[in-house]
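Following: one structure in structure tokens, then a few remarks.
The values are calculated or read from the model by the stated rules, or taken from the named source; none is laboratory data. Everything numeric here is computed off the predicted structure, so don't read it as measured data. Because the Cβ atoms are built from the backbone with ideal geometry, glycine has one as well, and the counts that use them run over all protein chains shown.
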Amino acid sequence: MSEITAEQVAHLANLARIALTEDEIAHLTTELGQIMQAVEKVGEVATPDVAPTSHPIPMQNVFRADVVGDDDVLTAEQAVAGAPEADGSRFVVSAILGEEQ
Amino acid sequence: MARAALMDFDRALELFEPVIGLEVHVELNTTTKMFSSAPNPANSAFHIAEPNTLVTPVCLGLPGSLPVVNGEAVRSSISLGLALGCSIAPSSRFARKNYFYPDLAKNYQISQYDEPIAFDGEVEVELENGRVFQVPIERAHMEEDAGKLTHVGGSTGRIQGAEYSLVDYNRAGVPLVEIVTRPIFGAEADAPALARAYVSTIRDIALSLGISEARMERGNLRCDANVSLRPRGQEKLGTRTETKNVNSFRSIERAVRYEIQRQAAILADGGTITQETRHWHEDTGATSAGRPKSDADDYRYFPEPDLLPVVPSAELIEELRAALPEAPAARRRRLKSEWGFSDDEFQIVANSGMLNELAETVAAGATPAAARKWWTGEIARLANAADRDAAGMVSPAHVAELAALVESGTLTDRLARQVLEGVVAGEGSPQQIVDARGLAVVSDDGALIAAIDDALASQPDVLAKIRDGKVQAAGAVIGAVMKAMQGKADAARVRELVLERATAE
């Protein structure tokens, strides 16, 4: 049973930094509820015999050797090349009033 | 920032029981980062680097880039988990912690959430006063560090009033292990000291494993301290605060103490504690309110779809377990008994943080007593005066050499101190300095006797007194001889010879 409320949608929108109008919230509340119902159908076929998984591919322990990938390391100029604004080697971002997590 | 009202610490302890919980982040010193092949600035080899020169497309979250787990970081994490007495998860996975802040370019941090690599451990921690605690560990999980922001503009350079921020992603993706304790009860007035000693123990463990440089001043080791109070006799835990930005051992102790006093004042006044992050300010010795603590729900954790589960084999776990070094607390007990130090003597060494230096000096051939004397005495004094770390000033091998020169009678203590200053100044090994400066004790009696005869001849009154049996008068002659020998004589031998010469004729 997953009832999606308008408050939840507004809260999620806030967390995702998306500005929504009241109309959009109402619309998305209905739509998200329908999506949740659709996904919940999975619950009907899940049995205790089926272990939960986050991966459809039966693979594990894919590791990288601890070696510097010289070809992958960028120069500072390359790193900031696509940035809207940079001071030559660092990214410039607008003042953030929040805090580090 | 208005300074909060504080209750007297002892009074606070009478009314309330402090409960603390500690989160320690350990930066691993692998060659490369957690999920990318960029050089790792938490490894000393890459510590000094220009901004954004230790980055790959993965560190910048560029489209199309994919993370791949560093196998060595996993091994280090398992070793650390085992050293913390934890069970290692047969299968663990990564999760995305979603938040918007430019210290990570992806808008999420790859961490572990519901399946950490290590859980349910216990660490033995010994306080400076000798009290021993078993600190319960809830979990240790792998994650990536975030980049560094420099706030520019505004009057203070702090976040408020900043006009813009500069972002360096060199640190983004550095492998981290976050170690989380369970609530720690029963420390009472020792709670601040326990917090400090715990972090110090984690540092010792990380260093002994060789998995981290573990330097707090570089941020290799960072601590967040949770503190709550509950009225005496109350079962329910009080509301906690989480103090961040505590970057030295001393600050950890002070920050916990401060929070106990601040919360006690509020609670005694009928107020309530706000669950929030607080920031420690080293300069004022106070904490200030930060953001209200987010619910874990707000991070919208979900399994990281780009990475596969980590399933360490039993063989790997046992291989790493077999390679674990001696636990710091057990090692201290062993060294204390091997060295034959009293409780006080050993505590002074342990508290000075020079246990490793002493052990290496003893291993290099010095007696434990001599090693202790030099490290906690003259070397500590020089380090203090120069405001340096004693450990870095002189090598244990040189201290052992110095002690041997004193032992063999080549140097007096006074000369040895001069030699030590030369070693600290980088003039070479003790023997080289003795040779270069000609500092060895003059053990040639002929040279001493010549100087003594001169001194006696120039002080006939003293000579007369000595012959009258007033032996204490010899001091003036001994002083003159030591001066003539520029201190390079053994005063006891000079005294013997003075009395011999004075009464010989």
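Here are a few things to note about the model shown:
- Exclusive hit being in the same structural domain as B:G147 (by TED's automatic domain parsing), out of contact with any His (no Cβ under 7 Å at 6 or more places or on another chain) and among the polar types (S, T, N, Q), set B:S248, B:S288: B:S248
- Helices (runs of 4 or more DSSP H) contained in the range A:3-101 and holding at least 3 residues away from chain B (no Cβ under 11 Å) and among the small types (G, A, S): A:6-15, A:22-40
- Test: residue in the range B:13-26 that is under 30 Å from A:A51 (Cβ atoms) and either at pLDDT below 95 or surrounded by 21 or more Cβ atoms within 10 Å (Cβ to Cβ) (or both): no
- Residue list for the range A:40-53, filter: surrounded by 10 or more Cβ atoms within 10 Å (Cβ to Cβ) and of a type in the set (V, I, T): A:T53
- Of the candidates B:L54, B:L62, the single residue that is crowded, with 18+ Cβ neighbours inside 10 Å, at the interface with chain A (Cβ under 9 Å from one of its Cβ atoms) and not in a helix (DSSP H, G or I) is B:L54.
- Matching option when the condition is more than 19 Å from B:I137 (Cβ to Cβ), touching a residue at least 12 places away in the same chain (Cβ under 8 Å), over 18 Å from the mean Cα position of the chain (by Cα) and in a helix (DSSP H, G or I), among B:R262, B:R291, B:R278: B:R262
Yes or no, residue by residue, for (1) in contact with a Phe, Trp or Tyr (Cβ under 9 Å, 6 or more places away or on another chain); (2) among the hydroxyl-bearing types (S, T, Y):
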{"position": "B:P51", "(1), (2)": "yes, no"}
{"position": "B:P63", "(1), (2)": "no, no"}
{"position": "B:L80", "(1), (2)": "no, no"}
{"position": "B:S87", "(1), (2)": "yes, yes"}
{"position": "B:L104", "(1), (2)": "yes, no"}
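- Count of the range B:69-91 residues which are touching a residue at least 40 places away in the same chain (Cβ under 8 Å) and in a helix (DSSP H, G or I): 12
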